[in-house]
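Below is one structure, written out as structure tokens; comments come after it.
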Amino acid sequence: MTNRENEDQGHPSDPWVSLGFQQLRDGEFEDALETAKKVEELRASACFEIAAQAHANLGDPEAAIAVLEHGVSEAPNAWPNWQLLGNLYADAGRFDDAEDAYRDALQCNHVWAQSIHLNQAILLGQQGHHERTLTALDAIDDSDLLFEVASARMNALFCVGKNDEALALADTILVQEPQTASDEDAWYFISVIDMRIRMAAGLDPQEVRERALALLIEYPENDHVLALIRDIRDERSKDSKYYRLVIQGNSLDAPASVEGFYVPYDVVAESEEEAMTFIEEVESLTGFDHLEIEESEVLTARVRDPKGIYRAGTRTLFGTGA
């Protein structure tokens, strides 16, 4: 769901605020939590948004919700916090609470109303009301939301079986250049739905797999692309487990000052060895000297879900120039 920063009066043009949002964009979520504390000292409402996004990206949506619930009580006129809270409620299946949060967002000063309306339309889809989503999206004409509206429309069309319309929409959007991180997320989502429809219509799954792997070269942590690759493989096992791994490796094209990298992965596989085969497939897209498991934890059995990578985390470089 969309979120545009720095548009409520609680977001002063302060270096700490800018740093916090940049750390979120760069995947430096632990650092963003520390920066949020500095922003809080400024009594700026952005501190809650930064901290909540960091918690959510670190896999703790409950902490993110708690931060924002406190935040909207402290700064009730900061619409981005209400919007993000609504998004998190919706993701947690708390649809009534999400509706209330979006309504409260619309009561704020200087609110980006069409962004809230987009999230309300997406919420309808999350509740299974896809035709109502399409109707609601028709009323949104903000050019800054072009990609995100198209993404929501693509999903709704796919869900109601209007595949020809969905493919026609994809043809018009995928030739355009994303301008923001949100645009890019939407572009990749549209690409994945486009490939799913074409595969269902007879496109060779191997060709779809090659296209999906090509997308990972530019965006290796994209959840939708990773899900598509898992679904194409469609392998399950009664012995599968959900692994959380930290991988250490070297890149072929890294500068001499960089000795290597660490990157976390969540993988469903029968063993560490099998998990590494999935990771090596992705890492080979850009090339590596070696990969090894630095840390490994089994979180749970996972016998019903397809094998493959479920999360590719932020890569951390180490060395004299990292």
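The values are calculated or read from the model by the stated rules, or taken from the named source; none is laboratory data. Predicted, not measured: the structure shown is a model, and the values here were computed from it. Here the Cβ positions follow ideal geometry from the backbone for every residue, glycine too, while neighbour counts run over all protein chains shown. The protein model used for the area step is the full one, side chains on, heavy atoms only, and it has no ligands, DNA or RNA in it. Shrake-Rupley method; radii C 1.70, N 1.55, O 1.52, S 1.80 Å.
So how far, in whole Å, is the C-alpha centre of the stretch 139-166 from the one of the stretch 247-261?
Value for the Cα centre distance between the two parts: 40 Å.
Name the residue from 85, 36, 263 whose Cα lies farthest towards the positive end of the charge dipole of the chain, charges +1 on Cβ of Lys and Arg and -1 on Cβ of Asp and Glu.
Checked the options; the winner is 85.
To the nearest 0.05, what FRET efficiency results for residue 107 and residue 14 with a Förster distance of 22 Å applied to their C-beta separation? Show your work: numbers first, answer last.
Details: r = 26 Å, r/R0 = 1.18.
Working from the Cβ atoms, E equals 0.25.
What is the list of residues in the stretch 215-253 whose amide nitrogen lies under 11 Å from a point 7 angstrom out from the Cα of residue 299, following Cα to Cβ?
242-245
Which shape class applies to the stretch 147-220: rounded if a/c is under 1.5, otherwise prolate when a/b exceeds b/c and oblate if not, where a ≥ b ≥ c are the square roots of the Cα gyration tensor eigenvalues?
Oblate, since a/c reaches 1.5 and b/c is not below a/b.
Taking θ as phi - 60°, what are the ³J(HN,Hα) couplings along the stretch 242-250 by the Karplus curve (6.51, -1.76, 1.60), each to the nearest whole Hz, with x for Gly and Pro?
9, 9, 10, 10, 10, 9, 10, x, 10
For the stretch 192-291, what D do you get in µm² per second when you plug the Kirkwood radius from alpha-carbon pairs into Stokes-Einstein at 20 °C and 1.002 mPa s?
D, rounded to a whole number, is 145 µm²/s.
Filter the trypsin sites (Lys or Arg not before Pro) in the stretch 276-322 to those in DSSP coil with at most 14 other Cβ atoms within 10 Å of their Cβ, and list the result.
Hits after loop and neighbour filter: 304.
Once neighbouring chains are kept in place and the probe is 1.4 Å, which whole percent of the accessible area of the chain is contributed by carbon and sulfur?
Reported share for carbon and sulfur atoms: 46 percent.
Using the Kirkwood radius built from alpha carbon pairs, what does the Stokes-Einstein equation give as D for the stretch 45-143 at 4 °C and 1.567 mPa s, in µm² per second?
96
Using alpha carbon centroids, what distance separates the stretch 20-56 and the stretch 221-242, in Å?
Each part reduced to its Cα centre gives a spacing of 31 Å.
Return the lysines within reach of residue 307: Cα separation strictly under 17 angstrom, same-chain partners fewer than 8 residues apart disregarded; answer none if there are no such residues.
By straight Cα distance, residue 307 reaches 238, 241.
Run the helix sum for the chain: -39,500 (n - 2.57) per DSSP H stretch of 4+ residues, divided by residue count, reported at 222 nm to the nearest 500 deg cm²/dmol. Mind dumping the intermediate values first?
On the way: 14 runs with 179 residues, N = 322.
Value at 222 nm, helices only, nearest 500: -17500 deg cm²/dmol.
Can you tell me how the chain classifies by the Cα gyration tensor, rounded, prolate or oblate, using a/c under 1.5 as the rounded cut?
oblate
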